[in-house]
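Worksheet: the structure to be examined is printed underneath.
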Amino acid sequence: MDWFSISSGALYTAFILYLIATFFFGATIKDKKTTHKGKSGTIGIALTIAGLIAQLVYFITRWIASGHAPVSNMFEFVTSFGMGLVLAFLILYFIYRITVLGLFALPIAMILIAYASMFPTEIAPLVPSLKSHWLYIHVTTVSLGNAILAVSFVSGLIFLIRQIDQTVKNKKNIWLELIIYSLFLFIGFIVISSVFNATNYEAVYGYQYNDKSYQSTYHMPPIAGPHNGEILTPGAMKPLFEAPSWMHGKDAGQKLNTIIWSIMAGTLIYGIVRLVLRKRVGAAIQPYLNKTNPDMLDEVTYRAVTIGFPVFTLGGLIFAAIWAQIAWDRFWGWDPKEVWALITWFFYAAFLHLRLSRGWHGEKSAWLAVGGFAIIMFNIIVVNLVLAGLHSYA
Amino acid sequence: MKHIKCECGHVNPEGTVLCEACGKPIEGNQHIDGNDRKKLLNMRYEGSARRSQTYNKSIIDKIWSFFSSVKVGVWLIVIALVASAIGTIYPQKMYIPADAISRDPSIFYEETYGLTGKIFYQLGFHVLYSSWWYMLLIALIGVSLVICSLDRFVPLYKALKRQKAKRHPSFLERQRLFSQTDHVTDGEKEQVIQALKKQKYKVRHEEGHILAEKGRFSRWGPYVNHIGLIIILLAALLRTSSFMYIDEYVWVREGEQTVIDGTDSQFYIENKEFILETYDENDERFAEAIKKQGAIPSNFQTNVIIYKAKEQEVPGQELELEVYDEAEIYMNHPYKFEGYTLYQAGYQLNEFTTMTFAVTDINNNEQIDQFMIDLTNPQETYELNDGFRVMISEYYPEYYMSDNGPDSRTDNTKNPAFVFAVSTPDSEGAEVSFVGDYMNTPTNFDATGENDYRVELIDAEMHNVSGLTVRRDYTLPLFGLGAAIFMIGVMQGMYWQHRRIWVNVKGDGVLLAGHTNKNWFGLKKDIEKVISDTSINQVIDQQELD
Ligand code: HEM
């Protein structure tokens, strides 16, 4: 066995362990007695720790295999974010001992890891601008900071599902349902990518962009083709429509196509779940959260931000600036990625000020925590794949 | 100034909400912190007298109150946040890609993104982060930060310094964590004191009343971090001066020597060699990635010699250079000297240095002559044998066909093209020949179709060019200092909390109250430990959720 296969196996193992741990955390909810600490909670935590260790094995062996820390492309970065989320969950678990956090944190970590695995997973060498120790220092601290902040999303989400009135349809529970639905879109992306990967679908289309010719390799049947594209693979299907001309950039048509497929798949899965449940997903989960203490969840939301904010500042702004100074001769250059790190920082600064000075507790805090997570995900996904500047990972 | 004397004897400044010494709510001022509407006291600033809440008459008072409002501060932050986001919709001017339709912003945005691009450009969003209004916004945040901090820091500091262990019962009862116990023995009180000390509380007792306190310094966290931010803003301001900050770019060809801009002609640089290395495609670790993406560069490097100009003893004396140093500059490895830093920033491979052309008689295929153009210094005319003469009428260093006819993308000699006027001894006028576009299809074009002579490329020399940025930035230490202070401040405020526990005697029993600025869960656990094994009642959390 070589290091690379060990690392892939370890990641797979971690995923399975997280999955099993989730079921044990699920069992804690049904525990009738709140007083006794419960076996399933303990087993869940043990499995989570085992999973985290497996993922560390993945990290270290992949580092050995490639000769650099595995934080240099979309797959590696998002995976390490997922790992950070598990670690951050454990930290907050050991402060507050709330098992229900795990029930939500682990699935989100699993979605992240699975999402990451849809990107190319082979080891790529480092381009010259990334060859620096600051790569590890910067990216791992940002990941960890983001991950700790993401725990506030987890507890905020649980808070909202528990607290928001589901008896009649209203603005709040529709918003909440939208958040849950957007998680399904990720699942949709994962499922549809896996399906077409398994069928080995491939079709190549050529197109013109800025007077140059490019090719896009589609791994999903083209609903949206490249703008002004032509079929290069004989017998490949003709796209149903072409990406609009204002969508620029390389592979714009292909990215749009992936989004369309993911939305279709995600919506389908969500629809099936709704049909089975016969109510909003939020409403279906709510009764199981009766025994959770909303004050405690609110405290976790805030605590996660207070722990995560300094870590994020250090990694996302200060280390980032030091590295940028060394690599690109300026510590700050208004690159989209940098701007979005600044936006994240502004956002959480606003969160802290609102909470401290204007008394935004409970529900307001929870909504803000969700918003913060949306910004973080935007920075990881949209900025990397669409706005991409110097930091382009894809 | 009007002072307010509390019944405990302490004299408080005007505008005080809770007596600095005993915490008794001062009548008539409770609306300031909203205590009149709630049972629990607002403890944010200890009910101290803040200028912004006390004086509101003169215009200065009004400005002060405006900027010291956190509401205003948050709005400023949110506006800056939204503005920053808008600036990322399309690339900023400096990130217009090199292969764009046009690098002229007035064309690029509209051509590439259509109407929304045009609007983006016309509103100036393409240079958003250096626009006056964005800078103003950041400056306002700075002003708000300073005023806000001053407004609160001084009174808060005083209030915490003047607090007494003995508190007014109405203060204790209106704390979030509170309990009353009717009978407590002296032994139990002693036990409590020991337990508090064991948990590293600083314990003060006055006439049997206990104040236990821990982590007061964390209250200064926000003020410390705001100072850090102010230093960063000041550094940014200083950076606009060219003494503090130099930013230049030099292109230097292999084998060539040139002055380093920004060094007052004190330093010169020679490019010994530019190196571009790629990863070995036989390296099995990376084989798959290289197969997919094509060659992946592993190194961009320029080996240079730095020269220093000798002092000129007589003005106008010829320039003399002495070798100062040799260096290898590559990505993530800049070269520093005398406060300047050189960075490997760009490169051009295979630019043309010289081109040699032949002029041939089309009718008998006889070569008339050859001439060489030094592209760094092209001549207007080249005299050839037998009275032939070639004039350069147009020169495009990087030729391409634009919508408006032939044009040059840049001044780099990546794809030179020429329009020559060849004048012959026997005819009056000159023949026009277009020669060039070597990167696509070499063209040798005769517009009239009647030329007798052909000009064609027979030889060329190429070179690589390195692009290096030159920086001198004396503001860096200041930015570093600001960032360090900011980090210390946030950690101080976030990772520690200011916890206080009061145990005041009342009759035979005690009133127990607790307050912390964060992490109530932790404080509750502390109190639990402190009163375990005593008959003192556990505190009740009186928080009112709204
Ligand atoms: C981007 C700019 C800013 C950042 C990063 C920042 C950061 C912080 C942080 C981290 C805290 C501590 C919060 C906590 O302990 O939960 C804080 C507190 C505070 N900030 Fe800011 N701040 C900024 C701008 C401002 C502005 C513009 C104002 C003025 C309105 C302001 C006023 C305050 C106040 C009053 C406190 C609370 C102090 C206390 O209650 O002890 N901040 N700030």
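Using a probe radius of 1.4 Å on protein heavy atoms only, what is the accessible area buried between chains B and A, both sides summed, to the nearest 100 Å²? If you can, show how the numbers build up before the last one.
Working: alone 30750 and 18870 Å², together 44230 Å².
The buried area between B and A, both sides summed, comes to about 5400 Å².
Would you tell me the accessible area of B:H205, worked out with a 1.4 angstrom probe on the heavy atoms of the protein chains, in Å² to the nearest 10?
Surface accessible to solvent at B:H205 totals approximately 110 Å².
In whole percent, how big is the carbon plus sulfur part of the accessible area of the stretch B:352-460, probe 1.4 Å, protein atoms only? If you can, show how the numbers build up before the last one.
Details: 2520 of 6000 Å².
Of the solvent-accessible surface of the stretch B:352-460, carbon and sulfur hold 42 percent.
Could you tell me how far the Cα centroid of the stretch A:43-87 sits from the Cα centroid of the stretch B:351-378, in Å?
Cα centroid of the stretch B:351-378 versus Cα centroid of the stretch A:43-87: 62 Å apart.
For B:R174, enumerate residues with amide H under 5 Å from its amide H, sequence gap 5+ or separate chain, H modeled in the peptide plane.
Amide H neighbours of B:R174, under 5 Å, 5+ apart: none.
Would you mind computing, in nm to one decimal, how far apart the modelled labels at B:D533 and B:A430 are, each placed 7 Å from Cα along Cα→Cβ?
Output for this residue pair reads 10.7 nm.
Please label the shape of the stretch A:264-352 as rounded, prolate or oblate, based on the square roots a ≥ b ≥ c of the eigenvalues of the alpha-carbon gyration tensor (a/c under 1.5 means rounded; beyond that, a/b larger than b/c means prolate, else oblate).
Numbers: a/c = 4.45, a/b = 1.85, b/c = 2.41.
Judged from the Cα gyration tensor, the stretch A:264-352 comes out oblate (a/c at least 1.5, b/c at or above a/b).
Pairs of alpha-carbon atoms within less than 8 angstrom and 6+ residues apart define the contacts here; what relative contact order does chain B have, in percent?
Numbers: 1000 pairs, mean separation 97.6, N = 546.
Result for chain B is 18 percent.
Please report the accessible area of B:L321 (heavy atoms, 1.4 Å probe, ligands and nucleic acids excluded) in Å², nearest 10.
Approximately 60 Å² of B:L321 is accessible to the 1.4 Å probe.
Antiparallel as a % of all DSSP beta bridges within the protein assembly as shown, to the nearest 5?
Values: 123 of 127 bridges.
Restricted to the protein assembly as shown, the bridges split so that about 95 percent are antiparallel.
Hey, which lysines would be in cross-link range of A:K39, C-alpha to C-alpha under 21 Å, not counting anything within fewer than 8 residues on its own chain?
Output for A:K39: A:K30, A:K291.
Cysteines without a disulfide-compatible partner in the protein assembly as shown, using Cβ under 4.7 Å as the rule?
B:C148 - these cysteines have no disulfide-compatible partner (Cβ-Cβ under 4.7 Å) in the protein assembly as shown.
Straight distance only, please: which aspartates and glutamates reach the Cα of B:K158 with their own Cα at less than 17 Å, same-chain residues fewer than 8 apart left out?
Straight-distance partners of B:K158: B:E14, B:E20, B:E46, B:E213.
Roughly how many whole Å is it from the C-alpha centroid of the stretch B:202-280 to that of the stretch A:150-166?
Their Cα centres are 39 Å away from one another.
Over the Cα atoms of the protein assembly as shown, what Rg and Dmax result, in angstrom?
34.8, 129
Put simply, what bits of the stretch B:94-139 lose 40 Å² or more of accessible area when the other protein chains are there, versus the chain on its own (1.4 Å probe)?
Flagged in the stretch B:94-139: B:Y95, B:D99, B:T112, B:Y129.
Per residue, what accessible area does the stretch A:113-247 have, given a 1.4 Å probe and all protein chains present, in Å²? Let's see the in-between values first.
Values: 6140 Å² over 135 residues.
Here the per-residue accessible area is 45 Å².
Amide H of B:L384 versus every other amide H placed in the peptide plane: which residues, excluding those fewer than 5 positions away on the same chain, fall under 5 Å?
B:R389, B:V390
Given the C-alpha centroids of the stretch B:47-122 and the stretch B:437-495, what is the distance between them in whole angstrom?
Cα centroid to Cα centroid, the span is 29 Å.
For B:I368, enumerate residues with amide H under 5 Å from its amide H, sequence gap 5+ or separate chain, H modeled in the peptide plane.
B:V359, B:T360, B:D361
In angstroms, what radius of gyration and Dmax does the stretch B:352-460 have, counting Cα atoms only?
13.4, 40
Sort A:H133, B:H209 by heavy-atom solvent-accessible area, probe 1.4 angstrom, most to least. Numbers along the way, then the final one.
Values: A:H133 135, B:H209 20 Å².
Accessible-area ranking of A:H133, B:H209, largest first: A:H133, B:H209.
Just by accessible area at a 1.4 angstrom probe, what is the order of B:E111, B:E273 from largest to smallest? Walk me through the numbers on the way to the answer.
On the way: B:E111 110, B:E273 85 Å².
Sorted by accessible area, descending: B:E111, B:E273.
Which three extents, in angstrom, do the Cα atoms of chain A have along their principal axes, listed largest first?
For chain A, the Cα extents along the three principal axes come out at 67, 52, 51 Å.
Name the most mobile residue of A:M220, A:M74, A:M237, meaning the one with the largest mean-square fluctuation, in a Gaussian network model of chain A with Cα contacts below 10 Å.
Top of the fluctuation ranking is A:M237.
So if a site counts as exposed when it's one of the chymotrypsin sites (Phe, Trp or Tyr not before Pro), its DSSP state isn't H, G, I, E or B, and it has at most 15 other Cβ atoms within 10 Å, what's the longest stretch of chain A without one?
Numbers: sites that count: A:Y201, A:W246.
Longest site-free region, per DSSP loop and neighbour criteria: A:1-200.
Note down the nm distance, to one decimal, between modelled labels 7 Å out along Cα→Cβ at B:V505 and at B:I60.
Spacing of the two 7 Å Cα→Cβ label points: 4.9 nm.
Run the quick spin-label model on A:V127 and B:Q367: label points 7 Å from Cα toward the beta carbon, then report their separation in nm to one decimal.
If labels sit at A:V127 and B:Q367, their model points lie 4.3 nm apart.
Could you tell me the relative contact order of the stretch B:352-460? Use alpha-carbon pairs under 8 Å, at least six residues apart, and round to a whole percent.
Values: 238 pairs, mean separation 29.6, N = 109.
It rounds to 27 percent for the stretch B:352-460.
List the DSSP H helices in chain B whose Cα atoms stretch 15 Å or more along the helix axis and whose mean Kyte-Doolittle hydropathy is at least -0.5. Numbers along the way, then the final one.
Details: long enough: B:70-86 (24 Å, 2.44); B:132-162 (45 Å, 1.14); B:186-198 (18 Å, -1.18); B:221-238 (26 Å, 1.91); B:476-495 (28 Å, 1.57); B:520-531 (17 Å, -0.02).
Taking the DSSP H segments of chain B (at least 15 Å long, mean hydropathy at least -0.5), we get B:70-86, B:132-162, B:221-238, B:476-495, B:520-531.
Would you work out which of B:M401, B:N451, B:I362 lies farthest towards the positive end of the dipole of the stretch B:315-465, given +1 charges on the beta-carbon of Lys and Arg and -1 on that of Asp and Glu, about the Cα centre?
B:M401
Given a 1.4 angstrom probe, what's the average accessible area per residue across chain B, in square angstrom?
Numbers: 28030 Å² over 546 residues.
For chain B, the per-residue accessible area is 51 Å².
Cα axis of helix A:39-66 to longest principal axis of chain A: angle in degrees, 0 to 90, nearest 10?
Helix A:39-66 and the main axis of chain A meet at about 30 degrees.
Rounding to the nearest 10 and keeping the result within 0 to 90°, find how far the Cα-based axis of helix A:3-30 lies from the longest principal axis of chain A.
30 degrees
Whole-Hz Karplus ³J(HN,Hα) for the stretch A:173-180, in order, using 6.51 cos²θ - 1.76 cosθ + 1.60 and θ = phi - 60°, x for Gly and Pro?
6, 5, 4, 4, 5, 4, 5, 5
Using Cα positions and a limit of under 18 Å, work out the lysines in reach of A:K169, with same-chain residues fewer than 8 apart set aside.
Qualifying lysines at Cα under 18 Å: A:K279.
If the limit is 23 Å between Cα atoms, which of B:K200/B:K518; B:K197/B:K529; A:K337/B:K71; A:K364/B:K529; B:K24/B:K506 go over it?
As for pairs spanning more than 23 Å Cα to Cα, those are A:K337/B:K71; A:K364/B:K529.
Along the principal axes of its C-alpha atoms, what lengths does the stretch B:445-546 span, in descending order and rounded to whole Å?
Each principal axis gives a Cα extent; for the stretch B:445-546 these are 123, 36, 23 Å.
How big is the accessible area of A:T140 in square angstrom, nearest 10, if you roll a 1.4 angstrom probe over the protein chains?
60 Å²
Taking 0.36 nm per intervening residue step and subtracting the Cα-Cα distance, what contour gain separates B:K38 from B:E456 on full extension? Before the final figure, lay out each step's value.
Numbers: separation 418, 0.36 × 418 = 150.48 nm, distance 9.22 nm.
In short, 141.3 nm is gained.
Residue by residue through the stretch A:124-140, what is 3J(HN,Hα) from phi via Karplus (6.51 cos²θ - 1.76 cosθ + 1.60, θ = phi - 60°)? Round to whole Hz and write x for glycine and proline.
Per-residue couplings from phi come out as 10, x, 7, 6, x, 5, 8, 6, 6, 4, 5, 4, 5, 5, 5, 5, 5 Hz.
Which of A:S216, A:S193, A:S143 moves the most in a Gaussian network model of chain A with Cα springs under 10 Å?
Looking only at A:S216, A:S193, A:S143, the largest GNM fluctuation is found for A:S216.
Quick one: 3J(HN,Hα) in Hz for the stretch A:325-330, Karplus 6.51/-1.76/1.60 with θ = phi - 60°, rounded, Gly and Pro as x.
Computed from phi, the couplings for the stretch A:325-330 are 5, 6, 8, 10, 6, 8 Hz.
The values are calculated or read from the model by the stated rules, or taken from the named source; none is laboratory data. Values in this document were obtained by computation on a predicted structure and should not be read as measured data. Ideal geometry is used to build each Cβ from the backbone, glycine not excepted, and the neighbour counts take in all protein chains shown. Only protein heavy atoms, including side chains, enter the accessible area calculation; ligands, DNA and RNA are left aside. Shrake-Rupley method; radii C 1.70, N 1.55, O 1.52, S 1.80 Å.
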